[in-house]
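S.K.: Attaching a single structure in structure tokens format; questions to follow.
The values are calculated or read from the model by the stated rules, or taken from the named source; none is laboratory data. On a predicted model such as this, the values are computed, not experimentally measured, just so you know. Every residue, glycine among them, receives a Cβ derived from its backbone with ideal geometry; neighbour counts consider all protein chains shown. These area figures cover heavy atoms from the full protein model, side chains too; ligands, DNA and RNA do not enter into them. Shrake-Rupley method; radii C 1.70, N 1.55, O 1.52, S 1.80 Å.
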Amino acid sequence: MQPQMIPTLEEAMSGTLFGSVKPDDKKVVMLDPSELIEIEDQPFRPYPPDKLAELADDIKENGQINPCTVRKKDGKYIVLAGRNRKRACELAGLKVSCILIECDDATANLVLVNSNLNQRQELLPSEKAFAYKLQKESYEAKGQKKTEAAVAEQNSENVKKIQRYIKLTKLPKDLLDMVDSGRLPITVGVEFAYMPKVDMETISLYLANHEQLSVSVDQAQQIRKLSPDLSVTELDHLFLFDGATNTDPDSDESPDKKEKAPKKAVTSVSIKIEELEPLNCNFDFANAKKAEIREFIINSLEEYFGSVYDC
């Protein structure tokens with residue numbers, strides 16, 4: 001089955017949108033902004049005030065060239081495409097030019113998503129992520145098979161890229177904001193998205209407290225291997241010790257001429273479980289959590305040094 005495509009506005013007006021959209025008399029109607037309801041829970045962020053003001057000035061001078069696409073449901077007018085145009089008209093004190101269509105919920109979601117993906121030049125990773133997710137869910141609701149392939153073809157992307165973007169929707173807001181700002185590469189965000197929520201929260205708090213840190217894909221993969229029960233100590237070891245460098249890319253001095261950095265004091269050590277098992281104690285290392293093993297080792301050391309040195 002071929003993926004179902006969102007057509008142009010002219011095709012929508014002709015009633016060919018999936019065979020289920022019916023324009024209301026194929027007319028452009030003028031509605032007051034107060035009559036139009038925006039979809040709040042959607043992947044796309046509205047224009048910032050300065051860009052919205054610029055659009056309002058353009059509409060005042062040249063008129064609203066592209067009508068909004070509106071669905072009438074339960075007696076209410078729902079904006080599917082053109083939320084920013086609606087807001088700009090409201091700011092300009094003008095009525096909104098709209099095309100009314102009749103469609104089911106899944107098609108309405110596809111109109112919303114595809115109109116933004118096709119028209120907006122700059123989209124944040126989070127906007128694409130939730131847009132692709134909504135596309136996939138809408139195709140599923142319409143009984144489409146191989147929905148990720150359909151989303152990929154609709155957006156001229158490969159399936160793996162679509163899968164990676166959709167995986168980003170699993171990230172908590174703080175980490176997703178870091179991806180949007182460019183601090184975390186998309187591939188790093190995807191690695192973190194595979195981890196349990198509690199570990200993602202640990203990473204988010206750690207990065208918030210160490211704003212100078214960047215994360216490579218290799219480091220993200222190492223962190224993922226430490227999950228579950230990721231600890232701040234493990235992150236310190238990865239970023240502050242193993243990952244410490246003294247190379248200044250702006251320096252004219254070659255690395256062999258630079259003074260060696262003073263050796264850092266040892267603050268942590270790693271012990272393999274196989275090194276502990278010969279102790280022949282009754283502790284079940286194989287099934288214990290990291291925190292439980294750590295507590296056992298500390299208690300054992302306290303008992304040993306207390307008996308030997310009477311401390």
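S.K.: Can you pull out the chymotrypsin sites (Phe, Trp or Tyr not before Pro) in the range 152-207 whose DSSP state is coil and whose Cβ has at most 15 other Cβ atoms within 10 Å? Intermediate results must be reported in sequence, preceding the final value.
M.R.: Working: sites: TYR165, PHE192, TYR194, TYR206; in loops: TYR194.
Loop-located and lightly packed - TYR194.
S.K.: Related question: If you find the alpha carbon centre of the range 179-229 and of the range 44-111, how far apart are they in angstrom?
M.R.: Here the answer is 37 Å between Cα centres.
S.K.: Evaluate the distance, in nm, between pseudo-label points positioned 7 Å from the Cα of ASN158 and of VAL217 along their respective Cα→Cβ axes.
M.R.: Modelled inter-label distance: 1.1 nm.
S.K.: List every residue whose amide H lies under 5 Å from the amide H of LEU80, counting only residues 5 or more places away in sequence or on a different chain, with H placed 1.01 Å from N in the peptide plane.
M.R.: Amide H neighbours of LEU80, under 5 Å, 5+ apart: THR69, VAL70, ARG71.
S.K.: With a 1.4 Å probe and every protein chain kept in, tell me what percent of the accessible surface of the range 94-245 is carbon plus sulfur. List each step's numbers first, then the result.
M.R.: On the way: 3580 of 7380 Å².
Of the solvent-accessible surface of the range 94-245, carbon and sulfur hold 48 percent.
S.K.: For the range 221-238, in order, what is each residue's ³J(HN,Hα) by Karplus, 6.51 cos²θ - 1.76 cosθ + 1.60 with θ = phi - 60°, in whole Hz (x at glycine and Pro)?
M.R.: With the stated coefficients, the range 221-238 comes to 5, 5, 5, 4, 5, 7, 7, x, 6, 5, 10, 5, 4, 5, 5, 4, 4, 6 Hz.
S.K.: Let me check I've understood the local charge: for LEU301, count other residues with C-beta under 12 angstrom from its C-beta, Lys and Arg +1, Asp and Glu -1. What total comes out?
M.R.: Details: positive: ARG294; negative: GLU295, GLU302, GLU303.
Net charge around LEU301: -2.
S.K.: Per-residue counts of other Cβ atoms within 10 Å, averaged by peptide: what ranking do you get for 79-88, 154-163, 92-101, highest first?
M.R.: So the peptides 79-88, 154-163, 92-101, ranked by packing, come out 79-88, 92-101, 154-163.
S.K.: Can you give me the relative contact order of the range 99-180 as a percent, contacts being Cα pairs under 8 Å and 6 or more apart? Present the calculation step by step, with values, prior to reporting the outcome.
M.R.: Working: 61 pairs, mean separation 26.7, N = 82.
So the answer I get is 33 percent.
S.K.: Of LYS160/LYS197; LYS160/LYS225; LYS167/LYS289, which pairs sit farther than 26 Å apart, going by alpha carbon to alpha carbon? The partial results should precede the final answer.
M.R.: Numbers: LYS160/LYS197 23 Å; LYS160/LYS225 22 Å; LYS167/LYS289 28 Å.
Check vs 26 Å cut-off fails for LYS167/LYS289.
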